[in-house]
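**Q** I'd like to ask you about the structure that follows.
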Amino acid sequence: MPLKHTYFDWNRPLIPQVKEALLSEAGNDPQHCHDFSIDLSHLLVIVPTAKSGRHLLEALSTDAKTRDHGLLTPEIITPIQFLERALKDIENRASEADCLFAWTQVLNRYPAEKLRFIFPNTSPSEAFTLDHAKRFHRLRREIGIEGLDLSSIAEACSQENIEPVRWATLAELEKDYYHALNKKGLADPIQANRLCAENYPLTIDFSKIIIVATPDPNPLPLKAL
């Protein structure tokens, strides 16, 4: 698919210009032309945030032309949602509850003296375990969208001599976490995200992908694109 850039007027509001550009696409696909409605359903539109997507959809639906003729809307999603479109086909992808349970299993059986490399001032307890399971899950989700996991960060920190023992311990915990999920036949969602980004499934649902005002997507959605 050829890549085309369109530049809008910085002195005018952005959404009305994007709306007009999208409406001009209605007649550009012979397979999606109708006498009684404006059909943009063949377009996949990527916007920076869900809020900007809602504003764009509102602008499209309240335009005079769409009010008179009707509108078949495009699919408007964020870069993260673009990546997640491919994840629905992974049947064994672990849920958040699965991930938290795997982390609590790992933390409960990990030697207390090794945990002190990570949490030097905390005494292990049931509350400690659940709290830190949530922290690990949240941390991996945040770094995962950058294409990273604890092991890759540990490798970089070892090379730079930045708390190498603490990060090596975190990488070891993550390895045990992967093993806990694998024993149940579950795929870690962060690894699944990376796999989808590297092997994004092609689709013929859309005639065109339009990226609007999203100059710097996260690394994984960018790789998928």
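**Q** Note down the nm distance, to one decimal, between modelled labels 7 Å out along Cα→Cβ at Lys88 and at Ala213.
**A** 2.7 nm
**Q** Something else now. Using only the Cα atoms, what convex hull volume per residue in Å³ does segment 137-225 have?
**A** 125 Å³
**Q** As an exercise, use a Förster radius of 35 Å and the Cβ-Cβ distance of Trp10 and Lys114 to find the FRET efficiency, rounded to the nearest 0.05. Intermediate results must be reported in sequence, preceding the final value.
**A** Numbers: r = 55 Å, r/R0 = 1.58.
Approximately 0.05, to the nearest 0.05.
**Q** Can you compute log10 of I(q)/I(0) for the chain with the Debye formula, treating each Cα as one identical point scatterer, at q = 0.07, 0.18 Å⁻¹?
**A** Treating every Cα as an identical point scatterer, log10 I(q)/I(0) equals -0.35, -1.25.
**Q** Taking H as built 1.01 Å from N, whose amide H comes closer than 5 Å to the amide H of Arg93, not counting residues under 5 places away?
**A** Answer set, sorted by chain and number: Ala187.
**Q** Just to verify a number: FRET efficiency for Glu146 and Ser95, C-beta to C-beta distance, R0 = 25 Å, to 0.05?
**A** Using R0 = 25 Å, I get an efficiency of 0.70.
**Q** Under a crude label model (7 Å from the Cα following the beta-carbon direction), how far is Leu225 from Leu72 in nanometres?
**A** 2.6 nm
**Q** Okay, next question. How large, in percent, is the carbon and sulfur part of the accessible surface of segment 68-186 at a probe radius of 1.4 Å? Provide the component values of the computation, followed by the final result.
**A** Details: 3400 of 6910 Å².
Looking at segment 68-186 in its full context, I get 49 percent from C and S.
**Q** At 222 nm, what value in deg cm²/dmol follows for the chain if DSSP H runs of at least 4 each add -39500 (n - 2.57) and the sum is divided by all its residues, to the nearest 500?
**A** Helix contribution divided over all residues of the chain: -16000 deg cm²/dmol.
**Q** Straight-line reach from Lys184: which lysines fall under 26 Å, measuring Cα to Cα and dropping same-chain residues less than 8 apart?
**A** Lys88, Lys114, Lys134, Lys175
**Q** Percent relative contact order of the chain, based on C-alpha pairs within less than 8 angstrom and at least six residues apart? All intermediate terms of the calculation are to be shown ahead of the outcome.
**A** On the way: 250 pairs, mean separation 61.0, N = 225.
Once divided by the residue count of the chain, the mean separation gives 27 percent.
**Q** Which trypsin sites (Lys or Arg not before Pro) in segment 161-220 sit in a loop by DSSP (not H, G, I, E or B) and have at most 16 other Cβ atoms within 10 Å of their own Cβ?
**A** Lys184
**Q** If R₀ is 30 angstrom, what is the calculated FRET efficiency for the pair Phe206 and Arg138, using the beta carbon separation as r and rounding to 0.05?
**A** For R0 = 30 Å, the calculated efficiency reads 0.35.
**Q** Counting only heavy atoms of protein chains, what accessible area per residue, in Å², does the chain have with a probe of 1.4 Å?
**A** Spelled out: the 1.4 Å probe surface of the chain, per residue, equals 61 Å².
**Q** Working out 0.36 nm times the residue gap between His55 and Gln81, then minus their Cα-Cα distance, what length gain in nm do you get to one decimal?
**A** On the way: separation 26, 0.36 × 26 = 9.36 nm, distance 1.71 nm.
Gain on stretching His55 to Gln81: 7.7 nm.
**Q** Sort Leu23, Leu3, Leu202 from largest to smallest accessible area, using a 1.4 Å probe on the heavy atoms of the protein chains.
**A** Numbers: Leu23 20, Leu3 155, Leu202 175 Å².
Output order, biggest surface exposure first: Leu202, Leu3, Leu23.
**Q** Could you pull out every residue, at least 5 positions away or on a different chain, whose amide H is within less than 5 Å of the one on Glu75? Hs are placed 1.01 Å off N in the peptide plane, and Pro or chain starts have none.
**A** Leu43, Val45
**Q** Given the chain, what percent of its DSSP beta bridges are antiparallel, to the nearest 5?
**A** Details: 0 of 10 bridges.
Looking only at bridges with both residues in the chain, the antiparallel portion is about 0 percent.
**Q** Continuing with this model, one more query. To the nearest 10 Å², what's Thr6's accessible area with a 1.4 Å probe?
**A** For Thr6, solvent-accessible area is about 80 Å².
The values are calculated or read from the model by the stated rules, or taken from the named source; none is laboratory data. What you are looking at is a predicted structure, and each value in this text was computed from that prediction instead of being measured. Cβ sites come from the backbone with ideal geometry, for glycine too, and all protein chains shown count toward neighbours. Heavy atoms of the whole protein, side chains included, go into the accessibility calculation; ligands, DNA and RNA do not. Shrake-Rupley method; radii C 1.70, N 1.55, O 1.52, S 1.80 Å.
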